[in-house]
Amino acid sequence: MLARFETESEERAYVRSERARRRFATRMLVLIAIGGFMVMAALNPIFFPAEALVAHNFISMTMIVALGIAYYFIGTDYYLRWPWLDLLMFVANSIGSILIMQGLASTEETTGTTFLGTAVIYISVILVYGSIAFVANVRLFLLWAGSLMTAYIVYVIAAPIPVFPKVYLITNAMFFFVFAIFVNWEGDRRARLIFTGARALEAEQEKTEELLYNVLPQKVAQRLRQGEVVADSFTDVTVIFVDIVGFSVLAQTLSPGRLVKTLNRFFMIADACATRHGVEKVKTIGDAYLAVSGGTASTDQGAKAALAFARELIVEMRETAGETGIDVQVRVGIHTGPVVGGVVGTSRLAYDYWGDTMNIASRIEGVAEPNGIAVSAATYYECEEPLAFDEGEAITLKGVGDTMVYRYRPHAS
């Protein structure tokens, strides 16, 4: 019945969130109570004798001030962190109500109101009121309501009245007592279900976002969520094409499972190198790996980062060949120039790049040596490492024409 979350941190999170969510409604309850006491104070002169009026109005004004203080504290962070404030406020409210009932009883000859008759009304109202105002606080509500009800029952039993009125008064009060407990418990039960559902939804959203960010750059994903058409133009992006040398021979030599495992290891190494050097992975095409430097989700290092990525990838692949006994060599082609990037289609979304720069980088990769890096003139001049390259040679590339290509020399770097 008295449900609690498994961990204390989760319980505290629930209490804070639920009290924050219902803060406005709780403050409205306080204003309603203040309004009730103000109406009573205004009507008192009509019904109260002069000798009882001062004391009763003093108690009413004290209650109004106390409720005003409660209204203030409900708006603070203390209210969210200290659930026992509910108990404190209602203990004070109960004391004030008892004093008011005693004041009414002292005017019985004039008003015809008895203490026991008034107590039934006050206890019924305050129990129902408390069942709503005790937020995320069932245990303390039961402690307060049970104590109040016990005190009332003891007083009624000790009162010098016949048995039937005693049973009648206690039965009426018990009805509201049980109703108030149910209202408070059911409200808390539903609130916990909502909180659990919200937390589960947040967890699923985080997983969805994580998956989305694995496919799309974060800024691009945010733009898509806003309904924006994602199309970008870049004037100076370095494109990197990496391809496995002799993949067809590997496919004939290795078993399908071993081949997939080898490919997966290559892509994992490439991903790790790309992350370290701020290079943006675009996609894999068969046994080829396409990345860019200076695009949407990469650094501004451009050609330098691309070259560093390619150098480390070749070193890592050589080390892997020594460990596995499978000599997987790669070719790397790099070219720098303008590209267009964007997201097209509505399913299997991916941020891709297009333009002649992509085609030229692919063609340059085709003329690179095994475990070698070939770059275009545009990339060569951006790298600012002339001693690390052989002299440029004019090569006729298919669909491109004569192109100056510079081969990187690892021993010279």
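The values are calculated or read from the model by the stated rules, or taken from the named source; none is laboratory data. Please read these numbers as outputs of a predicted model, since none were measured by experiment. Cβ: placed from backbone, ideal geometry, glycine included. Neighbour counts: every protein chain shown. SASA here: full protein model, heavy atoms, side chains in, ligands and nucleic acids out. Shrake-Rupley method; radii C 1.70, N 1.55, O 1.52, S 1.80 Å.
Sort H277, H335 from largest to smallest accessible area, using a 1.4 Å probe on the heavy atoms of the protein chains.
Result of the area sort, largest leading: H277, H335.
Find out how many positive minus negative residues lie around Q205, taking Lys and Arg as positive, Asp and Glu as negative, among other residues whose Cβ is under 14 Å from that of Q205.
Around Q205, the surrounding residues sum to -2.
State in Å² the accessible area per residue of region 305-413; use a 1.4 Å probe, count heavy atoms of protein chains only, and round to the nearest integer.
In whole numbers, region 305-413 has 48 Å² accessible per residue.
Identify which of P217, P83, P162 has the largest mean-square fluctuation in a Gaussian network model of the chain, with springs joining Cα atoms closer than 10 Å.
Residue with maximal mean-square fluctuation among P217, P83, P162: P162.
Nearest 20 debye, what's the magnitude of the dipole of the chain about its Cα centre given +1 on Lys and Arg Cβ and -1 on Asp and Glu Cβ?
1540
Can you list the DSSP H helices in the chain whose Cα atoms extend at least 20 Å along the helix axis and whose mean Kyte-Doolittle hydropathy is -1.0 or higher?
Sorted by number, the helices that extend far enough and score high enough are 23-47, 50-74, 84-105, 115-133, 138-158, 163-215, 256-277, 303-324.
Counting only residues 5 or more places away or on other chains, whose amide H sits under 5 Å from the amide H of V245 once H atoms are built in the peptide plane?
Placed amide hydrogens put Q329, V330, R331 under 5 Å from V245.
In terms of the Cα gyration tensor, with a ≥ b ≥ c the square roots of its eigenvalues, is the chain rounded because a/c is under 1.5, prolate because a/b exceeds b/c, or oblate?
Verdict is prolate for the chain.
Could you tell me what % of all Cα pairs in region 311-413 have separations over 22 Å?
Cα-Cα pairs of region 311-413 separated by over 22 Å account for 41 percent.
Any idea what diffusion coefficient region 235-330 gets from Stokes-Einstein, in µm²/s, Kirkwood Rh on alpha carbon pairs, 37 °C, 0.692 mPa s?
239
Could you calculate, for region 356-413, the ratio of the Cα radius of gyration to the Kirkwood radius, expressed as Rg to Rh?
Reported Rg/Rh (Cα atoms, Kirkwood Rh): 0.95.
In the chain, if the dipole is taken from +1 on Lys/Arg beta carbons and -1 on Asp/Glu beta carbons about the Cα centre, which of W144, C273, C383 is farthest to the positive end?
It is W144.
Plugging the Kirkwood radius over Cα pairs into Stokes-Einstein for region 199-275, at a temperature of 4 °C and a viscosity of 1.567 mPa s, what D comes out in µm²/s?
79
Find the lysine pairs in the chain meeting two conditions, Cα atoms under 30 Å apart and a separation of 8 or more places or different chains, and report how many there are.
Lysine pairs meeting the criterion: 14.
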